[in-house]
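J.: Once you've had a glance at the structure underneath, I'll fire off some questions.
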Amino acid sequence: MDIGDLKKRIFIDLTKVKDLAELEQFRIKYLGRKGEITFVLKSLKDLSIAKRKKLGTEANQFKKEIESKIENLKSQLIKQETKTKEREKKIDITAPGIRIVHGHLHPLTHIMRKIEDIFQSMGFRIIEGPDIETEYYNFDALNIPQDHPARDAWDTFWLKTKPQRLLLRTHTSPMQVRFMEKNNPPFRIIVPGRVFRYESTDASHFYNFYQLEGLMVDTHISIANFKAVVEEFLKKLFGEEIETRMRPSYYPFVEPGFDIEMKYLSSDWLEIMGAGMVHPNVFKSVGYVPGNWQGFAFGIGIDRIAMLKYKINDIRLLYSSDLHFLNQF
Ligand code: DAH
C-alpha cells in the first residue's frame, strides 16, 4: 500500500478548506472513525511485519502532521471568523435600531401647560414672579395687615433674613400687586407658580404646591364676566359634563369673595379655586383710583386639578419622583 497518493490528495483538499465547517468535514473525511487515514491505520494489521513497521511509522507520522495542520488552520480560521463577525457587527445596517428612552412631561407640567393654553386662547398673558417674597407683597398690599387674623390662613415659611423679613410666597396673589404697580388696565393676566405652606403633610396637603393666579381689570368687569371665563376654562379642560358652583367665601383681597367648586364624573363637590372682585384697598395700594376700575381675581389649585383629572388620590405622589408613578402619564 502506498500512501503517497493519499497524502497528495489530502494536502490539495486541505488548501480548499475555507471555514470551520469545511474543516470539520475535512477532519471527519480523513481522521474520523470511517476516515481514510483511520482506514489505512486499521488495515496495517493485515500486512506483514516489515511492511507494517515501515508503513505504520509513515502513516502515524502523517496522521500527526495532518492533525497539527488541522489545529493550526482551526485557530487561524477562528481568528478570521471572529474578526469578520466583529466587522459585521460594526456596520450591520440591518440590525434593528436601539430604542431611545424618551422622557416626558411631569403631570403637573402637562396640566399647567394645558391650562396656560386655554387662558391664552381667551386673551390672558402669562406673567411669572418670585418664589421669595416680602411681607408687603404677600400680605400687606393684599389688604392683610400685620395682626390681621386672616394671616393665620397662610401658614408661612419665614426666611432668616434681616433687617427685612422675607418669606416663601404662600400664594401667587402677590403678583397681582407687582403687576398692577407697573401696568395700567385694561389687562388680563395669569400667574402660574409654586407656593409654599408651613403645614404638616397628608394625602391632600403638601408643603409646596402649584397655583395659577388670574386677574382681569377693566372699566366694566362683573362677576358675570368671571363666571363666563371660569366656566369656559373648566369646560375646555374637563369637557362639557362638569358641573360648577360658586359659594360665598372670604379673602381679604376681594369683595365679594367666593369659592368655586366642581363635580367631575362621579367625584364629590371639590373646591378648586378662590376668587372674587378685586378689593378697593388692593387697587389703592397699587395707585389706581378704585372707582375707575373693576376686576376679578382668582387663584386655582393646580395640584387639585391634576388630581381630579388624572384620578390621583395622594398629592405627595406628585412630588415623589417615583418613576412607577410618573411612567403612567
Ligand atoms: N390666594 C388665595 C389662596 O392662596 C386664593 C385666591 C382667592 C386667589 C381669591 C385670588 C382670589 O386671586 O381672588 O388661598
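The values are calculated or read from the model by the stated rules, or taken from the named source; none is laboratory data. Predicted, not measured: the structure shown is a model, and the values here were computed from it. Cβ coordinates were reconstructed from backbone atoms using ideal geometry, including for glycine residues, and neighbour counts include every protein chain displayed. Just so you know, the surface numbers come from the protein's heavy atoms only, side chains and all, with ligands and any DNA or RNA stripped out. Shrake-Rupley method; radii C 1.70, N 1.55, O 1.52, S 1.80 Å.
J.: Report the Cα centroid-to-centroid distance between the range 12-52 and the range 123-167 in angstrom, as an integer.
T.: Result: 97 Å between the Cα centres.
J.: With an 8 Å Cα cut-off and a minimum separation of 6 or more residues, compute the relative contact order for the range 3-89 in percent.
T.: 26
J.: Let me ask another. Based on alpha-carbon centroids, what's the gap between the range 188-234 and the range 268-329 in Å, whole number please?
T.: First find each Cα centre; the distance between them is then 3 Å.
J.: Here's a follow-up. Determine which aspartates and glutamates satisfy two conditions relative to K236: a Cα distance under 17 Å, and not lying fewer than 8 residues away in the same chain.
T.: Here the aspartates and glutamates satisfying the reach criterion relative to K236 are E116, D117, E261.
J.: Sorting E241, E36 by accessible area (1.4 Å probe), largest first, what list results?
T.: E241, E36
J.: Placing +1 at every Lys and Arg Cβ and -1 at every Asp and Glu Cβ, with all other atoms neutral, what dipole size does the range 1-68 have around its Cα centre, in debye to the nearest 20?
T.: Dipole magnitude for the range 1-68 comes out near 300 debye.
J.: Among the aspartates and glutamates, select those whose C-alpha is under 19 Å from the C-alpha of K160, and discard any that sit fewer than 8 residues away in the same chain.
T.: Filter leaves D131, E133, E135, E199.
J.: Follow-up. Taking all protein chains in place and a 1.4 Å probe, what share, in percent, of the accessible surface of the range 22-174 do carbon and sulfur account for?
T.: In the range 22-174, the share of accessible area belonging to carbon and sulfur is 55 percent.
J.: Another question, then. How large is the dipole of the chain about the Cα centre if only Lys and Arg carry +1 and Asp and Glu carry -1, each at its Cβ, rounded to the nearest 20 debye?
T.: Rounded to the nearest 20 debye, it is 3520 debye.
J.: Rank D117, D13, D152 by accessible area, highest first, at a 1.4 Å probe radius?
T.: D152, D117, D13
J.: Something else about it: May I ask you to give the solvent-accessible area per residue for the chain, in square angstrom, as obtained with a 1.4 angstrom probe?
T.: Computed with neighbouring chains in place, this is 60 Å² per residue.
J.: Set the bar at 18 Å for Cα to Cα. Now go through K29/K64; K162/K182; K235/K309; K34/K69; K18/K69; K7/K54 and name every pair that lies beyond it.
T.: K162/K182; K34/K69
J.: Another one. In a Gaussian network model over the chain where Cα atoms closer than 10 Å are linked, find which of R197, R99, R188 has the largest mean-square fluctuation.
T.: Maximum fluctuation in the GNM of the chain, among the listed residues, is at R99.
J.: Comparing E88, E243, E255, which has the greatest mean-square fluctuation in the GNM of the chain with Cα pairs linked when under 10 Å apart?
T.: Highest fluctuation among the options: E88.
J.: Probe 1.4 Å, all protein chains in place: accessible area of H102 in Å², nearest 10?
T.: Roughly 150 Å² of H102 is accessible to a 1.4 Å probe.
J.: Among G97, I272, M246, pick out the residue whose Cα is farthest towards the positive end of the charge dipole of the chain, where Lys and Arg carry +1 and Asp and Glu carry -1 on C-beta, about the Cα centre.
T.: G97
J.: Ignoring ligands and nucleic acids, what accessible area does S222 show with a 1.4 Å probe (Å², nearest 10)?
T.: Result for S222: roughly 50 Å² accessible.
J.: If you don't mind, there's one more thing I want to ask. Hey, any idea what % of the range 273-329's accessible area is carbon plus sulfur with a 1.4 Å probe?
T.: Here it works out to 51 percent.
J.: First select every other residue whose beta carbon is under 11 angstrom from the beta carbon of F258; then total the charges, Lys and Arg +1, Asp and Glu -1.
T.: -1
J.: Next up: For the range 3-89, with the dipole built from +1 on Lys and Arg beta-carbon atoms and -1 on Asp and Glu ones, taken about the Cα centre, which of I66, L20, I49 lies farthest toward the positive end?
T.: Sorting the options by dipole projection puts first I49.
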